[in-house]
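Working notes, structure below.
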Amino acid sequence: MADIKVAAYICKGCGLGERLDTDALVKTAQKDGKVPLAKSHEFLCNADGVAMIKNDIANEGVTHIMIGACSRRAKTEAFHFPEHAVARANLREGVVWIRPDTEEARETTQEMAEDYIRMGCAEVKAMTAPAGNLNTGGSKTLLVVGGGVTGMTTAIEASKTGYPVVLVEKSGALGGWAGKLYKRTPVHEPYKSPADTGVADLVSQVQADSNIKVYLNATIAKTDGAPGRFVVDVATESGATHTEDIGAIVQATGFTLYDMNKLPELGGGKSPNVVDQAGLEALAAAAAEGDGVIRRPSDGQPVKSVVFVQCAGQRDTTGQHLSYCSGFCCNASIKQAMYFKDTNPAVDTTIIYTDLRTPGNGEDFYRSAQEKGVIFTKGKVAEVLPTGNTSTVKFNDLILGDTDAAMVDVDLVVLATGQVANSGINIDALAATAEEEGAVEVKPISILNLTYRQGKDVPQLKQGFTDSHFICFPYETRRTGIYTAGPVRRPMDIAQAREDATGAALKAIQALENAELGRAAHPRSGDLSFPKVRLEGCTQCKRCTVECPFGAIDEDEKRFPVFNESRCRRCGTCMGACPVRVISFENYSVNTVGAQIKAVDIPDEFSEKPRILILACENDAYPALDMAGMNRIEYSAYVRTIPVRCLGSVNTIWITDALNAGYDGVMLMGCKSGDEYQCHFVKGSELGRTRLSKIDDTLKTLNLESERVRDLEVAITDIERLPEMINKYAAELVAVGPSPFKGF
Amino acid sequence: MSANTAVAEKYRNNFLKEIEEQVEMGDWVKMCMQCGVCSGSCPTNFQSAWEHPPQELFMMIRAGKREEVLTSSSMWNCTSCYNCIVRCPRKLPITHIMHGIAEYAHRLGMAPKMQPTRFFSGLFWKNCTHTGRVNELKLSMGLYFKDGFVQGIKNGMAMQSVALGLVKAKRLNVMELFGGHKCKDQKGVHAMLKKAYEIERSRKTAKMAG
Amino acid sequence: MAKHEYAFYPGCSSQKGASASNYLTSVESMCKTLDVKLTEIPDWNCCGASIGYAEAGELPRHVLNARNFALSEQHLPGQEIVATCAACWLGARETRERLTHSDTLMADTREALKEAGLTINEMPNVRHMVEVLIEDLGFEEMAKHVVRPLEGVKIAGYVGCQTNRPFGVAGESFENPVYLDKMVEMVGAESIPEYEQKVTCCGGALAFSEPEKAQAQIKDIVESAYDHGADMIVTPCPLCQANVEIYQGQINKRYGTKFDIPVMYYSQLMVVAYGGSAKDAALNGQVIKARRLEEIAAKPVKR
Ligand code: SF4
Ligand code: SF4
Ligand code: SF4
Ligand code: SF4
Ligand code: SF4
Ligand code: SF4
């Protein structure tokens, strides 16, 4: 904090000059903000304005810059001073655009602006410009786990982009699931017949690529380190271990078909003439080797009638089987029905479905099957009864309303079972069981064998697929630098898996490049700040290590936290969690926010001017508020908004401080949490909310009403709803009455 | 062997195939995706008496419900409004299929005997092909007398007010009973139609044989 | 020489003394004003209207229409065929499409035609009268002749099925065609664009064979016209006209309604607006008299 010199700049452009008394704002910065240099400018973001700031940096020794103009989300390029601490007071979207341009409103609008200037000055003083992380690694090699279509495509794409790849496949051959198919669903015009799988071509591309190193019959024995500097032990069949330096990882471990033995009522496991889709592929491949005739497994007679049972053990509402739709199996059954029709149109092929899900060009494929004479029957199969060499399929005909419909003398029944992700150990379940019973039941084998404190594999979502921010960042797992692609991430077909592979390859490359530069990956991509811990104050409480949604923090032998900066996403959850507040970022800390809270001028209880603190998530809530401003939607002049990185970064001290300072209420705005979360930091808002749920006790000790703190789930689209909620809350607080802490 | 047993023999349990080969536009039935838009668009479906809307009929065909389909009165309730046709996402010529199935059921002698529309339909065709032009009075009289003389008088009485209105407005000519409109070249018309029937029958038979 | 000449296919219902004879009369007057010459195809036969399907089969149906095509080609070479009846137009157009798309069907048809000593060389265009008015003349031309606007009359444009589906008038939607409304405006009356039953089926031939079913539909059509304050209904189709008009009495008995709304052809409206007499417009052919139109037709013409 040695030689800091703060300068405040107030912009008069965009109507600020007309709506606000900018001279008074300059005085506020000088008097209350205590900045030595404060100026206003007609048009701060134009060349002249920016030159003025640059000149002050060069000639006046300015190190800290407070800009009172538009939102921090606007004009980021003009106000880009990476070497300096910069704070922004949002006078445009946050003040004049949300206030009516009337004489009566002028006073409260001006007060709002003055507070934001005070807050900006206080904040910038508590900041330093981030120096960047030095603990980086420079490995540019991509590790791909899994040698199926997804894995091979990832490897080829990354290699083509110029990055070396290490590909690890646990079986003795490349190809994965697709390698076992006779043919695939078509992806080219005219989408009428099954197509070649293309696996052989992929395999030869991989084999011919000197940039791709392939380990067959191999597994990952250990993954250590962080993006840019992973150290991975590859164990081969022979027992030998090879160590590889890796920059980023793509896990493409695919799926296993849901076990049809769990479906005895559908004949699963009861007869060789009841098979799953893999079973049929094998029969078709065998037939293609011979005379082309698909034969009944029980006695080798040609199949004359076949029934496909869709959604077998899927979309199940009883809780016994898979609750989801795997998405690929309708097309797969259509394709398999064509195996029969294309060789002998006289074979009776019936697909019994409840809904046929053939999106996109699958529609053409479906029509083609109808043209070829495949019969589609809408019904729900109740029972498959194998007797001798045939089976009876009993079903509820949903169109004709016949609950006792049946197909008899069926030679072969194919069950369309779904995809179960090969995602390794479910570390959360492991933690839960460990807590409950103290004993761990047998789990699937780990895939990555991470040495991370939080577990050996990437975290999963509710269905066993790997967790990622499904909408915004589909490939990013909750382990920075480790990406999942293909059916391990969500159920999908080959075409989708190939797209996934390409996306994940690019993301992984971006991650290792960022890691080398010490920059954050999404959603704060490019951020150079990272958490710093003052270990002298640490009580080894482990909250940070447990809560970090990204497994960035390990522990040393003395149980002190060890931060792996390259794994960190800069969400600040650790900072919010730390009870002794020893974790901070250079440009975001308990102090930078705390100082702003304290800088607000709290009018006394007789003024009838309440103050409401809003802590708004910078990913969704803050942009939504900005957009409300852009749309000129008015809201209360009594709110003071501070953006936070994530609800997870909110330290309860801020709330207690605010209430003690006489704020009448605190609104917290964060993304949706839970299974359907929208939080950009996945678990951040959930953890934040858990922490805040304990605030009631605090309120009680302070003798305050529970209405004083309000938690709001916000989406970026809540542009109209947010101002409504704010105004409603402001009105409610009037009913509750002023805070008793004012003036203390 | 009746016509019906002959085809039943030939197609065995493959009713869909039978429909494809014997019914006008029948090869479209397999393309229905059971969305139900036709049923929802069909005016007669909103009334109680309709057994099976097109979607359901098409499913019944695929399920091999031969007897039920061919003896159904459903096809005969079609008003040729073409609502279904313009809305079907699969572009099935539904109206024509409905007529086609009806015609086939009639051809096999399986259509419900006293289904009024079937009766009217046949009557209409006879009426218009007999002279080459429709005689509206004979057409109505024929319909009302389909259930016999006494019922015919009753039906005629029920429609009396309607008919009288038309007569008054000079839009129903009582003289039609004794002649009325006709084509001059009736012989040509008959010969031409006879030929057309011959050709059509022989084509359908060829399909059965092949 | 008339401005426009067509081979005319009147169809059975438009013959003298048949259910749509008033249509024919008014079309004739209308065409006179518009300088459109219609020449009846000599010795035409019935189109086989779709209700004949039980006996008809495919080929015989098309052969019937093809005979008319052949006669037209022989006697009125080069002229397009115009039909006034929706069902005739539809049937003939369907035959045209099918024969054009199937060589087998075409060959079979030629063989059958031979029996009547006829043949087809060229496939004629088959147009509905409404198409001719809209496409060949245009609203502007039609409006020019209005000398007695039907002021103050509110008319529900009931398009029905067969001029609308499956072929329809070019540029119109199946669900909400607007040409009739435009015609109503054109003759100086008030249209009801929001008339929601404008494409509901009138029951077609079911009105004869299963009246209770058809009448339920007709009831909706009439009721909605009343709801929108219509003075009368206008339609382009003889079967629609007949069904909606002549069963109102029976519907009143069945449902206790008090329906008594005239149902007109567009051509009748045009003839009156063009200054024609009640006789020219065949207003005497209405079962439910169109008093408002009769009054207007009795008024002198503003020139
Ligand atoms: S965009 Fe921002 S910096 Fe530029 S003139 Fe407007 S308020 Fe000032
Ligand atoms: S893709 Fe089809 S078969 Fe597979 S689960 Fe979904 S609906 Fe069922
Ligand atoms: S909680 Fe967030 S900021 Fe803290 S170490 Fe983990 S990822 Fe980084
Ligand atoms: S939360 Fe704070 S006190 Fe607890 S272990 Fe982490 S740094 Fe130490
Ligand atoms: S609208 Fe077409 S596709 Fe849909 S159910 Fe009817 S016939 Fe089948
Ligand atoms: S054409 Fe026939 S089947 Fe189709 S909607 Fe109209 S009445 Fe129903």
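Here are a few things to note about the model shown:
- Breaking point among (1) under 22 Å from A:G33 (Cβ atoms); (2) at pLDDT 95 or above, for A:K140: (1)
- With respect to the conditions (1) without any contact (Cβ under 8 Å) to a residue 60 or more places away in the chain; (2) more than 16 Å from ligand 5 (Cβ to nearest atom); (3) facing chain B (nearest Cβ under 8 Å), C:F174 falls short on a single one, namely (2).
- Residue selection: C:C85 fails the criterion of being within 9 Å of another protein chain (Cβ to nearest Cβ), in contact (Cβ under 8 Å) with a residue 24 or more places away in the chain and closer than 26 Å to C:L283 by Cα.
- Filter result for the condition that a residue is closer than 19 Å to A:L181 by Cβ, among the small types (G, A, S) and in the same structural domain as A:P359 (by TED's automatic domain parsing), over A:G319, A:G268, A:G292, A:G313: A:G292
- Considering B:T95, B:T79, the condition of being away from ligand 3 (no atom under 16 Å from the Cβ), touching a Cys at 6+ places or on another chain (Cβ under 6 Å), facing chain C (nearest Cβ under 10 Å) and not basic (K, R) is satisfied by B:T79 alone.
- The set of residues in segment C:108-144 that are part of a loop (DSSP other than H, G, I, E, B), away from chain B (no Cβ under 14 Å) and surrounded by fewer than 16 Cβ atoms within 10 Å (Cβ to Cβ) comprises C:N121, C:E122, C:M123, C:N125, C:G138.
- Scanning segment B:102-117 for residues being assigned to a helix (DSSP H, G or I) and within 10 Å of chain C (Cβ to nearest Cβ) gives a total of 8.
- Scanning segment C:245-263 for residues that are surrounded by 23 or more Cβ atoms within 10 Å (Cβ to Cβ) and free of Cβ contacts under 8 Å to residues at least 40 places away in the same chain returns a single hit, C:P262.
- Members of segment A:583-615 that are hydroxyl-bearing (S, T, Y), crowded, with 17+ Cβ neighbours inside 10 Å and in a helix (DSSP H, G or I): A:T592
- Filtered residues of segment B:171-193 (kept if modelled with pLDDT of 65 or more and surrounded by 13 or more Cβ atoms within 10 Å (Cβ to Cβ)): B:R171, B:H181, B:K182, B:C183, B:D185, B:Q186, B:G188, B:V189, B:H190, B:A191, B:M192, B:L193
- Every condition in (1) over 30 Å from the mean Cα position of the chain (by Cα); (2) assigned to a loop (DSSP other than H, G, I, E, B); (3) among the small types (G, A, S) is met by A:A226 except one, and the failing one is (1).
- When A:V384 is tested against (1) closer than 16 Å to B:A63 by Cα; (2) in a strand (DSSP E or B), just one condition goes unmet, and that condition is (1).
- Segment A:2-42: number of residues that are in contact (Cβ under 8 Å) with a residue 40 or more places away in the chain and either surrounded by fewer than 16 Cβ atoms within 10 Å (Cβ to Cβ) or within 16 Å of ligand 6 (Cβ to nearest atom) (or both): 7
- Checked against the criteria, A:A248 counts as hydrophobic (A, V, I, L, M, F, W, C), more than 16 Å from ligand 6 (Cβ to nearest atom), in the same structural domain as A:A485 (by TED's automatic domain parsing) and surrounded by 17 or more Cβ atoms within 10 Å (Cβ to Cβ).
- Residue in segment C:266-277 that is surrounded by fewer than 23 Cβ atoms within 10 Å (Cβ to Cβ), over 23 Å from C:D181 (Cβ atoms) and within 11 Å of chain B (Cβ to nearest Cβ) present: no
- Residues considered: A:V393, A:V374. Of these, the only one that is crowded, with 22+ Cβ neighbours inside 10 Å and within 11 Å of another protein chain (Cβ to nearest Cβ) is A:V374.
- Extreme residue, farthest from A:A511 (Cα to Cα), among residues of segment A:560-582 that are near ligand 3 (Cβ under 6 Å from one of its atoms) and part of a loop (DSSP other than H, G, I, E, B): A:G572
- Checked against the criteria, C:I155 counts as assigned to a strand (DSSP E or B) and either more than 14 Å from every other protein chain (Cβ to nearest Cβ) or not small (G, A, S) (or both).
- Residues that are in a loop (DSSP other than H, G, I, E, B), within 12 Å of chain B (Cβ to nearest Cβ) and in contact with a helix residue (DSSP H, G or I) (Cβ under 7 Å, 6 or more places away or on another chain) are absent from segment A:329-346 altogether.
- The single residue among C:E115, C:E210, C:E172 that is assigned by TED's automatic domain parsing to the domain that holds C:N243, at pLDDT 90 or above and more than 16 Å from ligand 2 (Cβ to nearest atom) turns out to be C:E172.
- The sole residue among B:N83, B:N135, B:N77 that is in the same structural domain as B:A191 (by TED's automatic domain parsing), buried (at least 22 other Cβ atoms within 10 Å of the Cβ), modelled with pLDDT under 95 and of a type outside the set (G, A, S) is B:N135.
- If only residues of segment B:15-37 that are of a type outside the set (A, V, I, L, M, F, W, C) and within 25 Å of A:T354 (Cβ to Cβ) are counted, the one that is nearest to ligand 1 (Cβ to nearest atom) is B:G36.
- When residues of segment B:22-44 are limited to those that are away from chain C (no Cβ under 11 Å) and touching a Leu at 6+ places or on another chain (Cβ under 8 Å), the one nearest to ligand 2 (Cβ to nearest atom): B:M33
- Exclusive hit being of a type in the set (S, T, N, Q) and at positive phi, set A:Q510, A:Q540, A:Q496: A:Q540
- Among the residues making up segment B:45-76, those that are part of a helix (DSSP H, G or I), in contact (Cβ under 8 Å) with a residue 12 or more places away in the chain and within 14 Å of chain C (Cβ to nearest Cβ) are B:L70, B:S74, B:M75, B:W76.
- In the condition set (1) of a type in the set (G, A, S); (2) under 30 Å from A:T197 (Cβ atoms); (3) free of Cβ contacts under 8 Å to residues at least 60 places away in the same chain, A:A505 is compliant with all but (3).
- Only one of the numbered conditions (1) of a type in the set (A, V, I, L, M); (2) out of contact with any Gly (no Cβ under 7 Å at 6 or more places or on another chain); (3) within 17 Å of A:V124 (Cα to Cα) is violated by A:L25, and that is (2).
- Checked against the criterion of being small (G, A, S), more than 7 Å from chain B (Cβ to nearest Cβ) and more than 27 Å from C:K144 (Cβ to Cβ), the candidates C:G11, C:G48, C:G57 yield just one match: C:G11.
- Residues within segment A:704-732 that are of a type in the set (K, R) and modelled with pLDDT of 95 or more, tallied: 2
The values are calculated or read from the model by the stated rules, or taken from the named source; none is laboratory data. Being a predicted model, the structure only gives us computed values, none of them experimental. Cβ atoms come from the backbone with ideal geometry, glycine included; neighbour counts cover every protein chain shown.
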